[in-house]
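Coordinate-derived values only; no laboratory data. Please read all numbers here as calculations on a predicted model, not as lab measurements.
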Amino acid sequence: MDVVPAPPHTVYLGLGSNLGDRQLNLALALGQLAQAFVVEAASPAYETAPIEVVDQPRFVNLVVRARTTRGPSEVLADLKRIERRLGRRPEAEPRFGPRPIDIDLLLYDDLVLRGGALDATALEVPHPRLHERAFVLVPLAELAPELVHPVLGETVRSLRDRLGTAGVRRLERGLLAGFRRDVQQERPRVEVGLERVGVTGIERVIRLTTGHPVELFYARIDLFVDLPAARKGVHMSRFPDLLDEELDDLVRRRAADVESLAGRVAEGLVERHAAARAEARVRAKVPRTRHTPLSAQRTQDLFTLLGWAVSDGERTARLVGVEVEGLTACPCAQEMVRDHARARLAESGFDDEAVERALGVLTLATHTQRGRGTLAVSAHPAVSADDLVRIVEASMSSEIYEMLKRPDEFFVVNRAHQNPKFVEDVVRDMLAHALAVYPELPDDAYLFARQVNFESIHQHDVVAERGAWLGALRRELAGGPAGRHTGVEAYLEAVLQPAE
């Protein structure tokens, strides 16, 4: 079993709260920190007297040791972001006044950073007042008594003993005691690795650059990571938190597509969970405005934009796709109607030539059903969602519309009956149309097509699908040997495999 190395930098963080439910505030902060860092240990909690401004409630303080791959400035930005999420508004607080949460970067390895005399906001490490504060030194000594202050050259224990512990009282019981144990990192009773552990059905409004006037879309998102055999569980709360960070960034940048979002989230999950593999799936509802085929009425409907991604931290495989609904007419039932009509016409005295001429003019009845087509392709700059939607609709018997006048209904029904297709026909047409629309896609690109028909006269649905590398598909369509079906997950996994 591969051992995932720990992040390289050790940080010590000081946490404090003196407004509201102080222990709950610290517990929530610990949960947030566990999503941004590998939290190794937390000290007991201490109730401490305020300093500087003494006319305010007493604080509850503790210290956390964690590991990270991020630099000092990035760590500080993470801490400030967590503070704001938990209700802190520094711009509205008096200096050294009461606050619901305060998180300080105390130490970053043995790094020494000192701000200039004219820049009071510059990052300073170690914390410039660490050695003056008993409410920091006492809990810090619980975690690292022999840790040497990189500037003063003294151990934390000696600094604590010289300063004393007046005004600092350990809380023997309380909400925070259980947070010093990271249950998810423990070994499970049965050591078997799991390929997919995560959360499904996360609902968010996301912003994507699609070329349409509307950029905000409702999305459902599924997130997974691999879980090694020696780890009991994953921190489920890290999934939506990471997603929110990515979405906040996307709103600021306004330049991402759905597959990029999925890829970035999958890469972030690998980092956050120290996982060998992570997966993200995004389904966004996208509106489009069209005009009905005969009455030219303006109408709006929705299609689903799909983004899949799998990452191992070094390589990321991405797919972009669409789900579109349309109409199919059954060729088999229509052929039976044709045979019946031929017999009835012959019985009525029409000769063979007249019968065939009549059957060639008339639109013959059959049963129809609404179908859902899915078409996805490996991420490529040439691919657009609008093209994929048109390919899916062109592959069915007819497109459908949200709002139709009577002439439009006739058009859709007549068109479907003149263009009957099995579910298998739709999938084959999607593949052929995609190759025709995107001749520039390389042979190592991937294409996936799926059609589900919601049967109207049966109590079951029917489905067909095919996934293939484009090179194999092109050879098959040119008369070469039949290729094997490669599902979406098999394609994504294949991309992650290192080259031989």
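At-a-glance table
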quantity: For segment 426-457 versus segment 19-42, the gap between their alpha-carbon centres in whole angstrom; calculated: 49
quantity: Gyration tensor (alpha-carbon) shape descriptor, segment 9-181, a/c threshold 1.5; calculated: rounded
quantity: Aspartates and glutamates whose Cα lies under 17 Å from that of residue 80, excluding same-chain neighbours fewer than 8 positions away; calculated: 91, 93, 102, 104, 124, 241, 244, 245, 246, 248, 249
quantity: Residues of type aspartates and glutamates that residue 421 reaches as a straight line, Cα spacing below 14 Å, ignoring anything fewer than 8 places off in the same chain; calculated: 335, 393, 399, 429, 455
quantity: Reachable aspartates and glutamates from residue 285, criterion Cα separation under 14 angstrom, eight or more residues apart if same chain; calculated: 203, 215, 257, 301, 323, 325, 386
quantity: 222 nm mean residue ellipticity, helices alone, for the chain (DSSP H n ≥ 4; -39,500 (n - 2.57); rounded to 500); calculated: -10000 deg cm²/dmol
quantity: Derived scalar couplings ³J(HN,Hα) [segment 128-133; Karplus, 6.51 cos²θ - 1.76 cosθ + 1.60; whole Hz; x for Gly, Pro]; calculated: x, 10, 4, 6, 9, 10
quantity: Residue 196 long-range amide H proximity, modeled H, under 5 Å; calculated: 227
